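The values are calculated or read from the model by the stated rules, or taken from the named source; none is laboratory data. Please read these numbers as outputs of a predicted model, since none were measured by experiment. Cβ: placed from backbone, ideal geometry, glycine included. Neighbour counts: every protein chain shown. Ligands, DNA and RNA are excluded from the accessible area calculation, which covers all protein heavy atoms including side chains. Shrake-Rupley method; radii C 1.70, N 1.55, O 1.52, S 1.80 Å.
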Amino acid sequence: MSLQFHNQLTHRVDTFTPQIEGKVSLYTCGPTVYNYLHVGNWTAYIYWDTLIRVLQANGLRVERVMNITDVGHLVSDADEGEDKLEKGARREGKTAWDIASFYTDDFIKGMARLHLLTPQHIIKATSYITEQLELVRTLQKKGFTYQIDDGIYFDTSKFPSYGHFAGLDLDAQKAGARVEFNPQKKNPVDFALWKFTPQGETRDMEWETPIDLLEPIVADGLEYEQANKKMGFPGWHLECSAMAMTLLGKTLDIHTGGIDHIPVHHTNEIAQSEAATGVTFAHYWLHNNHLKVNGTKISKSLGNGYTLNGLGEKGYSPLDFRLFVLQRHYRSEGNFTFENLESAKNRLHNWRNSAALRHQTHDRLRDDDEKSTDDESVSLYASSQALIEAISNDLDTPAACAIIDEAFRKIDGINLEDIHQHALTSFIETVDNLLGLALFDTSKDISDDIKRLIIERERAREKKDWQAADRLRDQIEKSGVTVRDTAHGSIWEYVA
Ligand code: AMP
Ligand code: ZN
């Protein structure tokens, strides 16, 4: 089977070949933990989780790093403005450390609620300050940096391929540079590797800038130390390069992020990593498109950045939302509406009922000949294979959803005796492995007592005792399941 992904590096769909056979190194830009994640943020992590799952389904061993941005992400991409963490701290009257810790915990809990696989390494930017400074040192030794009043910057003019990744027109950017562009910067797109704490301010998160990285200010003795003491903090882009390369080596197989990362964050990651190492930073770059809400960009001022808890309050589970996300291809723009979420919730409910059919059929002992002529099982096994192929094809999750609908449509309404239990169970497992929808765990069998009531109701119907049949139906529904009468007898389903 071949895996292929749209690669921002080549601007086309490429067949995926890892550097080392059977092994994949993968880095995902993680969240900035200054607030709850909104539905848009979560879509990114749901798609990248699907990527991990399909790599694994193709027999690859994935080593994955995800960072937690707990310092240095400024409100403006132009290295200006407040650090989002420090801003969050002021908003809540806590320290930036408390804010980071609270929202990191919330992120980890949210990942579990969405059934996202845990990366081997989820690491905080503040735990890798030494490595980030070391990268600045390497870049400095190679002549890629310069110091201005507010920090140490990367000189993009020293990296000739700077704009290639995003197709940037640097001349136009220069001509159109905004007035507030820091005039000390040599080029408008130069970015801060390390920023200094502004004079007279203290930050919750700051570290002493190693003296060898600073342009020395001449003085004697103690005064020298005083004069050359500068507190500072890393630029946002630096952390991803430093952490990715520390744990995964100079060249990664795959790097993922949102489309908003292409022109600045990933462009800068590539520049500083490749300037430092001289080799390609990542072979495949995958980006998820954005989710809008009611056709509008998600923004704080509109209050449309729903959280998982917000969806829960309206009666939608994280898995309803997960399916809502997977119904769209990761490279097309999404639109969140409660109507769309409702339809995903109904679809998931129907899938659970189809999954529950495995409790209502029996695995018959068959010889191989009989098996090979059994249409239902052959078709379900084929659907499992088709699912893997769809997702291997640049994560085509909408096609995968259509395959699942079709597979369940085929078994709906047929004689329960004709459903091959093992084939159905194996199909459900494949769906869960690839899409993480927990169909298996959320389609539990009913108790023997309820099963007895269902049989009693069938008997009452056979005797045309409709009153008893209705009374039994009410009793059954109290346990959260209902019965549906088909041409082939009654089946039970979960109440919506
Ligand atoms: P941040 O916490 O701002 O660093 O963002 C976390 C992740 O969410 C990044 O990968 C962004 O690309 C992604 N992201 C932000 N807004 C959206 C959106 N509306 N739709 C999809 N992804 C988004
Ligand atoms: Zn990043």
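Annotations
- Residue within the stretch 429-440 that is over 24 Å from the mean Cα position of the chain (by Cα) and farther than 15 Å from L357 by Cβ present: no
- Residue match in the stretch 248-267 (condition: hydrophobic (A, V, I, L, M, F, W, C), farther than 24 Å from L435 by Cα, more than 13 Å from ligand 1 (Cβ to nearest atom) and open to solvent by 10 Å² or more (accessible area, probe 1.4 Å)): yes
- Residue among I217, I211, I298, I262 that alone is in the same structural domain as W97 (by TED's automatic domain parsing), within 27 Å of the chain's Cα centre (by Cα) and aliphatic (A, V, I, L, M): I262
- Residue pairs whose Cβ atoms lie under 6 Å apart, separated by 6 or more positions or on different chains, with the first residue in the stretch 470-496 and of a type in the set (S, T, N, Q) and the second in a loop (DSSP other than H, G, I, E, B), are T482/V495; T486/G413.
- Qualifying residues in the stretch 220-250 (those that are among the charged types (D, E, K, R) and farther than 30 Å from V62 by Cα) - the one nearest to the chain's Cα centre (by Cα): K230
- If the condition is being touching a residue at least 60 places away in the same chain (Cβ under 8 Å), within 19 Å of V13 (Cβ to Cβ) and not small (G, A, S), then the stretch 282-332 contributes H283, Y284, W285, L286, H287, N288, R328, H329, Y330, R331.
Results for (1) open to solvent by 30 Å² or more (accessible area, probe 1.4 Å); (2) in the same structural domain as L55 (by TED's automatic domain parsing); (3) at pLDDT below 95, shown as yes or no for each residue.
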residue: R113; (1), (2), (3): yes, yes, no
residue: P119; (1), (2), (3): no, yes, no
residue: L193; (1), (2), (3): no, yes, no
residue: D204; (1), (2), (3): yes, yes, yes
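- Selection from the stretch 15-58 of residues that are over 20 Å from L248 (Cβ atoms), of a type in the set (A, V, I, L, M, F, W, C) and either within 16 Å of ligand 2 (Cβ to nearest atom) or open to solvent by less than 10 Å² (accessible area, probe 1.4 Å) (or both): V33, L37, V39, W42, I46
- Matching residues, the stretch 382-405, being more than 13 Å from S2 (Cβ to Cβ) and hydroxyl-bearing (S, T, Y): S383, S384, T397
- Pair list, Cβ < 6 Å and 6+ apart or interchain, from the stretch 256-281 residues that are touching a residue at least 24 places away in the same chain (Cβ under 8 Å) to residues that are of a type in the set (S, T, Y) and open to solvent by 20 Å² or more (accessible area, probe 1.4 Å): A276/T138; V279/T251; T280/T251
- Taking each residue of the stretch 1-17 that is free of Cβ contacts under 8 Å to residues at least 24 places away in the same chain and looking for partners that are part of a loop (DSSP other than H, G, I, E, B) and loosely packed, with under 11 Cβ neighbours inside 10 Å with beta-carbon atoms closer than 7 Å, six or more apart or interchain, yields T15/S2.
- For the residues T43, T15, T28, T50, the requirement of being more than 12 Å from ligand 1 (Cβ to nearest atom) and within 11 Å of the chain's Cα centre (by Cα) singles out T50.
- Of residues in the stretch 59-100 being without any contact (Cβ under 8 Å) to a residue 12 or more places away in the chain and either within 16 Å of ligand 1 (Cβ to nearest atom) or open to solvent by less than 50 Å² (accessible area, probe 1.4 Å) (or both), the one farthest from P183 (Cα to Cα): R91
- Test result for I270, within 13 Å of ligand 2 (Cβ to nearest atom) and either out of contact with any Lys or Arg (no Cβ under 8 Å at 6 or more places or on another chain) or not hydroxyl-bearing (S, T, Y) (or both): yes
- Checklist (1) within 16 Å of ligand 2 (Cβ to nearest atom); (2) more than 16 Å from the chain's Cα centre (by Cα); (3) part of a helix (DSSP H, G or I) applied to D79, failing item: (3)
- Residue in the stretch 236-246 that is out of contact with any helix residue (DSSP H, G or I) (no Cβ under 7 Å at 6 or more places or on another chain), at pLDDT 95 or above and buried (at least 18 other Cβ atoms within 10 Å of the Cβ) present: yes
- Residue check, A282 of a type outside the set (K, R), more than 28 Å from D106 (Cβ to Cβ), over 21 Å from the mean Cα position of the chain (by Cα) and more than 14 Å from ligand 1 (Cβ to nearest atom): no
- The lone exception for H164 - which of (1) over 21 Å from V71 (Cβ atoms); (2) open to solvent by less than 70 Å² (accessible area, probe 1.4 Å); (3) not in a helix (DSSP H, G or I) it fails: (2)
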